[in-house]
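Heads up: the structure comes next, in structure tokens.
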Amino acid sequence: MYTIQTLNKISPLGLNQLDEREFNITDVCENPDGILVRSADMHETEFGSNLRAIARAGAGTNNIPLDKCSEAGIVVFNTPGANANAVKELVICALLLASRNVVGGINWCSALTEADGDVEKLVEKGKSKFVGPELLGKNLGVIGLGAVGVKVANALVKLGMNVYGYDPYLSVQNALTLDSHVHVVDLKTIYEMSDYITIHSPLLPTTRGMINETSIVSMRTGVRIINLARGGLVDDEDMLAALESGKVARYVTDFPNNTLVGKPGVVTIPHLGASTPESEENCAIMAAQQLREYLNTGNIVNSVNMPNVEMPRSGVARLGIIHRNIPKMISKIATLLSDEGANIENMINKGRGDYAYTLIDLGQAISETTLSHVRQLEDVLRLRIIK
């Protein structure tokens, strides 16, 4: 039986994916086999020797120390696409908030009292202060055509916008689901053509602060920018300067901070992108299923630090080996198994950056001595025997 620790409240629909005959679920455990987490910060967490996998019920993994996990042979999963519809709907809302000063209008109406006079007449007189453009016929730039970006692009085509998309790593699957009316262009074109820009990129060293003074200069005057992806993608000080100069008409972000809250032209949303019951359920279900699949079969789906590897089960015993992605590792492992007299019935190996994962199905049981020899190979980080 595997012990699974939950670090946050996980939807019961997710936990129901883990059969109680195979999994013991608890929120208190010193050395679990797996962890289910949402937003809890794990950077100071000490990992026990049993920990094999962490599943994040959400897309981002900034709360998980990926380098530390990789070196310990701990597979980290996320749930791409599980919250995509929730984020897409909020992007549509954000585009409207960026166009029409709905928030300012609501705040103004809420402050009116009987002492100010006839509210109906005041509203008719004052509504012109909150006028804004329609989305129909305007140019939208979508930076990042992943699970969310594709849904956003397709939805806004249907709302009558001219949609331009950019993604240097556009997958075949996402390309096939992209509406044929979306123009896939380079980033320079996005900046030059767009009346609205919405960002859906991961936060990486190469994307941090990608919306900054330099990129904003190349944009249209009066551009409206939406960021429901990650706060660090936009340089806040440069954004405030652009708003003050009029280069940017409005900035809508899901990541409020001390720099942005209350500033003119900024609409701050309290990180609501994935905050729907449906999204939380979808993320929990996907995270639990991926964790269950890895622990039971060794297959890896949607890992952020290891390659995705799936192989149908055959043979008597299965080995899952996480090791450094360097030459001759497979031959070293195969030689040790051959010396034991073990017959490899099936095998798959994939690498991802500095790390690789090898699944091996054997025709017979293998001794603890041989397993120990494989574990002791230099650059082997983790070996599992999956019975």
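The values are calculated or read from the model by the stated rules, or taken from the named source; none is laboratory data. Just so you know, these numbers come straight off a predicted model, no measurement behind them. Every residue, glycine among them, receives a Cβ derived from its backbone with ideal geometry; neighbour counts consider all protein chains shown. Areas reflect the complete protein model, heavy atoms only, side chains present, ligands, DNA and RNA absent. Shrake-Rupley method; radii C 1.70, N 1.55, O 1.52, S 1.80 Å.
Here are a few things to note about the model shown:
- Flag if M286 is in a helix (DSSP H, G or I), free of Cβ contacts under 8 Å to residues at least 40 places away in the same chain, out of contact with any helix residue (DSSP H, G or I) (no Cβ under 7 Å at 6 or more places or on another chain) and buried (at least 22 other Cβ atoms within 10 Å of the Cβ): no
- Tally of residues being buried (at least 18 other Cβ atoms within 10 Å of the Cβ) and either modelled with pLDDT under 90 or in a helix (DSSP H, G or I) (or both) across region 110-150: 4
- Any hit, region 219-231, residues being under 25 Å from N154 (Cα atoms), among the hydroxyl-bearing types (S, T, Y) and at pLDDT 95 or above: no
- Yes/no for V316 being among the aliphatic types (A, V, I, L, M), under 23 Å from M1 (Cβ atoms) and in contact with a Gly (Cβ under 7 Å, 6 or more places away or on another chain): yes
- C69 being farther than 24 Å from H271 by Cα and either in a helix (DSSP H, G or I) or open to solvent by less than 60 Å² (accessible area, probe 1.4 Å) (or both): yes
- Where T259 falls short, out of the listed (1) open to solvent by 10 Å² or more (accessible area, probe 1.4 Å); (2) under 20 Å from the mean Cα position of the chain (by Cα); (3) hydroxyl-bearing (S, T, Y): (2)
- Qualifying residue in region 228-245 (condition: within 19 Å of R100 (Cβ to Cβ), crowded, with 16+ Cβ neighbours inside 10 Å, touching a residue at least 60 places away in the same chain (Cβ under 8 Å) and not aromatic (F, W, Y)): yes
- If you go through region 236-270 and pick out every residue that is within 20 Å of V91 (Cα to Cα) and in a loop (DSSP other than H, G, I, E, B), you end up with 9.
- Residue check for R292: of a type in the set (K, R), part of a loop (DSSP other than H, G, I, E, B) and open to solvent by 40 Å² or more (accessible area, probe 1.4 Å): no
- Residues in region 177-207 that are among the polar types (S, T, N, Q) and either assigned to a loop (DSSP other than H, G, I, E, B) or farther than 22 Å from L96 by Cα (or both) were compared, and the one that is least open to solvent (accessible area, probe 1.4 Å) is S194.
- Here is the figure for region 106-161: residues that are charged (D, E, K, R) and touching a helix residue (DSSP H, G or I) at 6+ places or on another chain (Cβ under 9 Å) total 6.
- Residue check for A59: crowded, with 17+ Cβ neighbours inside 10 Å, touching a strand residue (DSSP E or B) at 6+ places or on another chain (Cβ under 9 Å) and not basic (K, R): no
- Qualifying residue in region 24-31 (condition: open to solvent by 40 Å² or more (accessible area, probe 1.4 Å), free of Cβ contacts under 8 Å to residues at least 40 places away in the same chain and not in a loop (DSSP other than H, G, I, E, B)): yes
- Of E120, E114, E89, all but one fail to be closer than 27 Å to R224 by Cβ, out of contact with any Lys or Arg (no Cβ under 6 Å at 6 or more places or on another chain) and of a type in the set (D, E); the exception is E89.
- Residue match in region 254-277 (condition: on the phi < 0 side of the Ramachandran plot, out of contact with any helix residue (DSSP H, G or I) (no Cβ under 8 Å at 6 or more places or on another chain) and of a type in the set (F, W, Y)): no
- Single match in R38, R21 (criterion: at pLDDT below 95 and surrounded by 13 or more Cβ atoms within 10 Å (Cβ to Cβ)): R38
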